[in-house]
Amino acid sequence: MMLCDFHIHSTFSDGRLSVREIVDLYGRRGFGAIAITDHLCEERSFLGRAARFLSRTLTRETFPIYLEVLAEQAERAWREYEMLLIPGYEITKNSLLNHRSAHIVVLGLEEMLSADGDIVELLKYIRSSGGLSIAAHPVDTGIFEPQTYHLWSRREELAPYFDAWEVASGARLFKPVLRSRLPKIASSDLHHPSQLQSWKTVLSCERSRDAVFHAIREQDLSFQFYRVRPENHTLAMPYAMMSSAQKF
């Protein structure tokens with residue numbers, strides 16, 4: 001069994017830690033697989049342009065450098081910790097209106113897509129290219145921040161195209177997602193080290209990208225709440241996820 005976190009931000013967008021620091025943060029604690037998923041914002045929208053101005057998003061200029069750093073740190077993560085690092089990013093469609101905002105975590109796709117694109121077409125392309133798509137924090141996160149309700153309001157239409165929906169982001173379980181029949185995943189949405197204490201996904205598969213993607217798509221997984229003690233010792237408290245074939 002291995003603890004996994006597939007939604008993590010670095011200094012390439014709005015995270016506090018470098019990719020190297022993230023690798024050490026998770027590797028020293030025995031995680032089996034992680035994904036770095038920095039924001040990739042729209043280029044044409046006002047908020048997307050603002051994110052570029054504030055250096056809170058990947059850009060056409062920084063994306064190649066981002067991939068190089070991820071590849072370098074993936075090799076080190078495996079060599080030093082036997083931890084799988086999966087490249088990714090978070091397609092970020094922000095709006096001043098919560099019901100129009102949508103975030104999509106993309107795993108395993110080493111190609112920069114346009115966040116301005118149509119959601120269905122983006123999801124189709126991600127799948128056809130061998131990537132994995134996750135609907136990020138699609139319901140109320142329970143904290144004071146802009147919300148992203150657009151995907152959830154279209155969940156019946158979009159369900160065939162997503163590989164998983166976040167059932168937890170950080171320390172909060174999303175009960176509407178938990179009660180649904182949708183495929184699920186739990187991650188931290190980590191931006192700074194204190195957010196390491198959160199719900200995580202647990203997999204029982206080989207430490208390879210293909211095996212991880214297969215386990216997520218088949219929902220061969222469970223969740224654990226990962227608690228960090230002040231002295232940097234850790235305690236994982238289990239929460240068993242019902243099979244995706246069962247009713248909630």
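For the range 1-53, filtering for residues that are outside any loop (DSSP other than H, G, I, E, B) and of a type in the set (D, E, K, R) leaves 7.
Of the set (1) in contact with a Ser or Thr (Cβ under 7 Å, 6 or more places away or on another chain); (2) among the acidic types (Asp, Glu); (3) in a loop (DSSP other than H, G, I, E, B), all apply to ASP116 but (1).
Count of the range 40-78 residues, restricted to those that are within 17 Å of the chain's Cα centre (by Cα) and either surrounded by fewer than 21 Cβ atoms within 10 Å (Cβ to Cβ) or among the charged types (D, E, K, R) (or both), is 3. Of all residues being among the basic types (Lys, Arg) and touching a residue at least 24 places away in the same chain (Cβ under 8 Å) in the range 79-121, which is surrounded by the fewest Cβ atoms within 10 Å (Cβ to Cβ)? Just the residue, please. Among those residues, the one meeting the criterion is ARG100.
No value in this document is a laboratory result; all are computed from the given coordinates. Keep in mind the model is a prediction, meaning the values are calculated, not measured. When we count neighbours, we look across all protein chains shown, and the Cβ atoms used for this are built from the backbone with ideal geometry, even at glycine.
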